[in-house]
Every structure is written in C-alpha cells, then in structure tokens.
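Some notes on the structure that comes next.
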Amino acid sequence: MADNGNHSGPSGKLADFFTDLGNLTGFTADVIRKALKKKPEFIEFLRQSYLAGYRSLPLVGITAFIMGLVLTLQMRPVMADLGAEAWLPGMVIVAIVREIGPVITALIFAGRVASGFGAELSSMRVTEQIDAMEVSGIDPFKYLVVTRVLAATLMVPVLVIYSDAISFLGSFLGVNIQDAVSFPLFLRNAFNSLHFYDIVPATVKTFLFGFAIGIISCYKGYYTNKGTAGVGIAANSSVVASSLAVFVIDLLVVQLTELML
Amino acid sequence: MPAKTKHRMILGMFVFLGIVIFSVTIYLIGTKQNLFTPNVKIFAVFTDVFGLTVGNNVRFCGIDVGTVSDIKILSEKNVKVELSIKTDAIPYIHKNSIATIGSEGLMGNKTIIIIPGTLEERSLQGGDTLLASQPVNIDEVLLELKTSTHNISVVSNNLIDITRRIRNGEGIFGMLFTDSELTGNIDRVSQNANMITKNLNDISARVKNGEGILGKLLADTVFSHELNKTSKNFIEISENLEGITDKINRGEGVFGKLFTDTSLTHNIYVTSQHLQTSTEDLQVVSRNLLEITEKINSGSGLINKLLTDSAFAGSVDTTFSRLNKGIVSATETSEAIKKSRMLRLFSKKNNK
Amino acid sequence: MEREIFTSIIRVEHLYKSFNGEPVLQDISFTLAPGENLIILGKSGAGKSVLLKCITGLLEPDSGKRVLFNQLLDELDEDSLNVLKKRIGFVFQGSALYDSMSLRENLMFHLNRSSIRFTARDKDARVEEILDKLGLLNAIDKMPAELSGGMRKRAGLARALVLRPEIILYDEPTTGLDPATSREISELILRIQRIYQTSSVIVTHDMSCARATSNRMLILEKGSFIAEGTYANLRDNPVKAVQDFFIN
Ligand SMILES: Nc1ncnc2c1ncn2[C@@H]1O[C@H](COP(=O)(O)OP(=O)(O)OP(=O)(O)O)[C@@H](O)[C@H]1O
Ligand SMILES: [Mg+2]
C-alpha cells in the first residue's frame, strides 16, 4: 500500500495510458475490497455525502431548471410543425429522464466534486497528511477514498432525481410560456410517455456515473507525485477523465439496454 | 457538535426527499401500467395484432381501463392477447363486448379498444375471452377514399358536361334517345352516385361536428367499416359511370342511336337533375372537408381537442386536400371539355 | 502500561532504497535501544526522510531487514502492521496536520482510531493535557491554517504524542524555526522522553538540537552512515564530512 504513485513503466503515451488503466483497475479492486471488508468510516462518509451531494444541489438545480426550460422551448417549434404540442412534455421528460438529467448532473458533479476530490487528496498526499494517517496505523484508503467513492456513488443518483424533478418544473414553465397547460395535465402527458424501461437503465447509469467519478478523481488525487504542481494536475485530470468516463459509460449503458430490451 | 448535527439532518432530509420523489415517480408509472391496482385478466384472440406490444393500453368507452399484459401465438392465424383490466371497470364490460385493435394515431402506440356489449349479457369475469374484431386498416380506407373521390370527380365532370350539352344543344334533342336500357343504367348509376355523395357528405359532417376523428374514425370500427364499404362501392360505381360517360363523349354511334326516344326525354332530364344534385353535394362535401382541413392547419382548438395525433391529422389533411384538389380540377376539366373538340363536333352536327 | 523488554526496539539491517535507479539509501544498518535518543545527522538530500519512511513502512525498501519491537516488518499482515504502527509516533517535517480538521479534531482523529477504547471524557482529558504541555491549549479549536509555523511543529508533535507511542520518530523537528523556538522544541523532546519513557530517532541537520537531545549520533552522507558516536566523540572526528556539521 505504500505506493507513492511511482507508476513508471515503458515510455510512450499509449503505454502510459495502459499503465494508468491497469493501476486504476487495481485501485478499483482495492476500493471494493476495503468497502466490503472493513467497518466503514461512517461519519466521514456522511460528511462527504453532505459536501458532495447536498452542496451540489443549488448548481444542479439551477442547471436542471434551465435545461428543462430551454429544451422545451427549443423542441416546441418542431413539435408545433408536426401539430403535436401535446406531446411536448412527454418528449422533453423522456429526453431528460433517459439522458440529459443523468449526464448533465454527472458532468456538473464531475466539475464540482471530482475536481475537489482530486485537489483535496493530492494536496493531502503532497503535504504528507496521507502518510501521517498511514504511519499511525490508520488506513487512509478506507478513510479518504472509500468514503468519497461511496458518497459519490450514492449522491449522484439522488442529485439526478432532484435534477429530473427540477427539469420537470422548468419544462412545465416552458410549456406554459406559450400554452396554458395545467400541472396535472402536464404530469399526465409526461408520465404517459415514461416507462419503467426508461427509468431502470437511467437509474443504474447514475450509480455507475457516481462510482466512476469517485474512483477516477480519488485515484488521480491519491496518487499524485509531482509536488504542489501535482495538485492542479490532479484536479484538472480528475475532471477531464471522469467527464470522459461519464460519456463512455453512457454509451455502454445505452448499447446494453438496447441489447437487453 | 450542533453544526455537524445540523448537516447530518440536512443530508437526511436531502436523501429522504430524493427517495420520496423517486418512489412517487415509480408509483405514477406503476399506476399507469396498473402494477399496483387490482386487476383481472381476460383474453382476446386476433389473427393479426398489427404490432401491438405488452404494455399497450386497453380502452373502453375511450377510457384507459388496463394494459396488454401478454401476447402469445396460438397458431398461424391466432394470436392470444392477455389483457389486464382494472377491477373497477370490469362490471361495465359485458360478455358480448368486442375487442379490436386501434391506434393512438398512425404514428402512435397500438391500443386494444373494447366496444361495449349489451346489457343482457353478464359482466366479464377473469379468464373470459372477448369476441375479437379484426381492425380496419385506416391507411387502406384513406387510400380508397382518395381513389374514389378522384373517380367521382372525373365522373361528375363528365356528367356535368353531358347534362349541359343535353340542356343546351337543341340539335341533339332532334336525334334523341332510342336505347332505353342504357338510359336506365345512367339513371340508376347517377342515383347511386347521388346516394354515395350524400354518404360522404354525412361522414364529413360527422367529422366536422367534432365527434373526434380519433374517436370516430379510429375507435369506431363500425363506422370504419361503413366508410370502407362506401368507398369501395364508390369506386365500382364511379368506374361504371366513367365508362358510360366516356362512351357518350366519344359519341361512337351510341350517340346517334341514343337520343331518338322522346318518351325518355323526361327520364334523362330527371337523371341530369340527379347528377346536378350529386355534384352539388360533392361541392358541399368538399367545402366541409376544406373547413376541417383549414381548422387542422391553423391548429386552433380542434387539434388539441380532437386530434392529439399530429401525424394522423397530417394524413387526413393531405387526403382531404387531394380530394379537394380533385374536385377543383374536375371543374376545370369540365370547363375545358366544354370548349373542346367534342363540343365543336356537336355544333358542326347542329349546323348541318 | 506494562512494557515488554527489548534489547533493541528498532533494528535495521542492510537497507537499500533507490528511486528510478538512483540509489538513495545504501546498506543502512543501525539499532535503537529502549529509552535511547538517537540523532541522525545529514545534509539536505542525504536520504534522512527516506530512511524514516522506510523504517515505518511508508516506503518499501528494495532490500534489507526491518525489525520493530522484535517483529519483522515484512512478515506482518496489514492488520498487525497497523497495530504495530499505532505504537510509533511520527513527527513530520512539514507537520502534516489534517487541514480539514481543527487542532482538537486532529488529535481526536488518532485517539478515536487507537486500539484502546477511551471514554469521551478520557479523550478530552488527554487532548487537553498534551496541548497544555505543548502550550497550545488556547489554540485547541483553531484550524491548522490559523497556526504559526512553530505552533504547527508543536501541533504535529502533540498529535504524534497523543497515543503515547513507545517510539517517536522526528523528521527535522526544529528546521525553519528561530533559535529560541528551536531550543524550546529541543527541550520539549527531552521532556517528553522523560515523562513518557519513549525511545526516539531524531533526524536533523540542526546541531544545537542534536547536542541538546542526543545520546548517540549517526551521520548520514549520500545514503550511508559515515560516522557514529556521542556529540563529544564526533566533534573530535577528523573526517571532513563530519566536521562540516560542527562549523558555524
Ligand atoms: N518519492 C520520491 N521519488 C523520487 N525521489 C525521491 C522521492 N523521495 C525522495 N527522493 C530522493 O531521495 C533523496 C533523499 O531525499 P530525502 O527526502 O530523504 O532527503 P532529506 O535527507 O530528508 O533532505 P532534507 O533535509 O532536505 O529533508 C533526494 O535526492 C530525493 O530527490
Ligand atoms: Mg527530509
């Protein structure tokens, strides 16, 4: 465990990438192993959940509201051309629940929380705080990484629920800018288009998003090795890599659900 | 520590509310798919289900009363559909109700429509099998409607032409009708045409009355059948008419032999009157249709009230506008014919 | 607390460590006797911090034996290693205070994870006692960022001491401090050793600290020990590299 990130292997970008991926896989296995085996650092997990989850709500909420509103306004002309304004709520809600809600929320989460995890852990690494835990027989991995990964895994889904619900309100406003549609009617229209096969993969996906964001940003932070400059690099690459992971997972989940349904 | 406790509480509320929203969503979707309300399983056997899938709605009197819960192939010509019907709707569905397959629009989902039975029969029980009526394909109906309206416009123009000539050309009256059988034919045919245009008129009026294209045209299979039959008749009859009038127009001998019998003058006059009424009716039909299509086009009220399905509205629109166009061009054609070679032929004969 | 009797509390034999092919530690061997204060002197970059980290298992040496409390480090599984580590205090060069926690929480963090179960009152008493001894009691609820450099050093010391470790490893406890504070820290180290009966390894290049605290001194130069002895012995050692420490 006393691995300070000396992941030196064969040179070359591709080799680096594979080494990185291999290390990340090992890291993931460690997280899962320690999450299952040891008694959890429950208080720290709650603290991280509060910071990562609840504190992200305003940003997620505002973005979600605007997404719902804008999407509705943008889709309206097309639907109006088809003479199917009545389908607008359903259309927007399906788009939000299936794709836009989870992905936008995950990206915001990556921007806000992954960078935080990356910077925090790497600065703890650089200032030897992680060593200080380790040397006193406290498992920093369990305390710092497992709690954060768990918090991210569980908070992204919760945030996505809020995001979807708030987008809903945005969309309702968007519909009502032109038409007068009562909220019950709007709900009815929306839910008529929504099925379990929309909800289930979309929900599974959010857990994967959270897990990936947590794992990647903690990995980047935990294994910094370039001093103070490493903090910035870790924060930056946490966001880049976890955003990319969000899209890749999204693609895979969409393909998988296509296959399964 | 109070701050920590507060944070803990906020986090708790945050997660709790999230779970509540999620649960409500699941519940709402679930109730829509009748997962959480008590229901009764009944069956219907079709030869073709037109892409019906599990989860499609079941409608009774226009109300969603359940969903399709299973579809099984029994044999090459039999597909057994299991319907999950809300318990509270069951008492109103009688044993002799008929199940058919409709759609929520041409582009929309398929639905099972249960046409109410009669009160003499007992109400449904779980495991009952409903009578099934194979649905009418609305696309075919519309296509036939289109063909027949095209035909009728051609026919009516020919008829207009003939009757005009009969009325105007005194010279023609000199060589009047001898073939009574043929005249009788014309008479009968034009009467039929008259009836059919009345039918069409009726239909378009009903549509205009806002009983709902969706409700009527799609849900009411009886009506669909009627429409279907009408248009089929129409095609046949108008083809007949076309043949006759064409012959008359060509003036092949028929014309010479035709108009000799003065006793039939009255007959042909009556016939021409029929034809006039028919064409006038046709005009009314087209005006009704025009009105409807205009309303559809402007999207005012009607579309939201009657047609939630835009694609269907679109295809009705095109059909009706073509119908309209057919009538307009028919009128034009008749004008052209009037000035055409034929007329000059008659005038020459007249001059002789 | 009853203590086992050891002839040597730390024994290191033939330790080698290199980074990216560059040797940092070469054939390091030494022992620490119970109750002893061992000074390791060395210039910047000599490998002092690396040595301490290898001893405590923060870094894995390329080869060599490390025996702590008569237990071979490499033979221990993760759990017993963690138990063993709780008997060692480490004072980091840069204090390494947890900057998301107040001073009290920094200490509590370690107390809460000790192998011994304390009552809440015991824990508070312990934290306050240690901080009082180190003159930090009035800063107890401050965050690390709000402390001065000297206070941070003392706070790092306090955190290392809060579990009453049997060995304390100091990594340059006085570096970067003014002479007065530096002397204060040195006295503190001695006092702690007397009060808690600890054995310590003190890594430094500060001669006044070395003189004040040492029983025995080792001089590390380019990754290996070049001299050993008391302060007085070494002052008379003619080797240039040794004498360099005694100039100024
Ligand atoms: N993680 C690491 N990766 C690569 N090289 C390292 C690492 N840690 C230390 N080194 C190298 O090992 C050598 C010894 O470093 P060390 O930190 O032990 O020096 P030091 O004796 O503690 O110096 P100072 O008094 O400045 O703290 C240095 O040359 C350093 O570059
Ligand atoms: Mg050092």
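Assorted remarks:
- Partner shielding of C:157-170 amounts to 1, given as the average count of beta-carbon atoms from other chains within 10 Å of each residue beta-carbon.
- Cα-based convex hull volume of the range B:39-132 per residue, rounded to whole Å³: 81 Å³
- Radius of gyration and maximum dimension Dmax of the range C:149-248, Cα, Å: 14.0, 42
- Diffusion coefficient, µm² s⁻¹, Stokes-Einstein with Kirkwood Rh over alpha-carbon pairs of the range A:41-260 at 20 °C and 1.002 mPa s: 117 µm²/s
- Protection-proxy order for peptides A:103-112, A:212-221, C:23-32, each taking the mean of Cβ atoms within 10 Å per residue, highest first: A:212-221, A:103-112, C:23-32
- Charge sum, other residues only, whose C-beta stays under 14 Å from A:Leu244's C-beta, Lys/Arg counted +1 and Asp/Glu -1: -1
- Mean partner shielding of peptide A:95-107, defined as the number of other chain Cβ atoms within 10 Å of each residue Cβ, is 0.
- Full extension of the chain between A:Glu258 and A:Leu82 yields a length gain of 60.6 nm, computed as 0.36 nm times the residue separation minus the alpha carbon distance.
- Spin-label pair A:Asp16/B:Gln134, simplified geometry with 7 Å Cα→Cβ offset, distance in nm: 6.9 nm
- Computed from the C-beta positions of B:Asn78 and B:Gln125, the FRET efficiency with R₀ = 25 Å rounds to 0.70.
- Each residue, A:Phe207 and B:Met9, gets one label point 7 Å from its Cα in the Cβ direction; the gap between the two is 3.1 nm.
- Spin-label model, C:Glu78 to C:Lys65: label points 7 Å out along the Cα-to-beta-carbon direction sit 2.8 nm apart.
- Mean separation of Cα pairs under 8 Å and 6 or more residues apart, divided by the residue count, gives chain C a relative contact order of 26 percent.
- Mean Kyte hydropathy of -0.5 or more with a Cα span along the axis of at least 24 Å, helices from DSSP in chain C: C:179-196
- For A:Ile100, net neighbour charge (Lys/Arg +1, Asp/Glu -1) across residues whose Cβ lies under 15 Å away: -2
- Peptide A:180-192 is shielded by partner chain Cβ atoms: per residue, an average of 1 of them sit within 10 Å of its Cβ.
- Flagged links, alpha-carbon separation over 22 Å, of A:Lys226/C:Lys17; A:Lys142/C:Lys86; C:Lys85/C:Lys142: C:Lys85/C:Lys142
- Spatially near lysine pairs across the range B:39-132, Cα under 18 Å, sequence gap of 8 or more or different chains: 9
- Local electrostatic count, C:Leu190, Cβ distance below 14 Å [Lys/Arg +1, Asp/Glu -1]: +2
Readers should treat all values here as calculations from the given coordinates under stated rules, not as data from a laboratory. Since the model is a prediction, treat every value here as computed from it, not as a measurement. With ideal geometry, Cβ positions are generated from the backbone for all residues, glycine too; neighbour counts draw on all protein chains shown.
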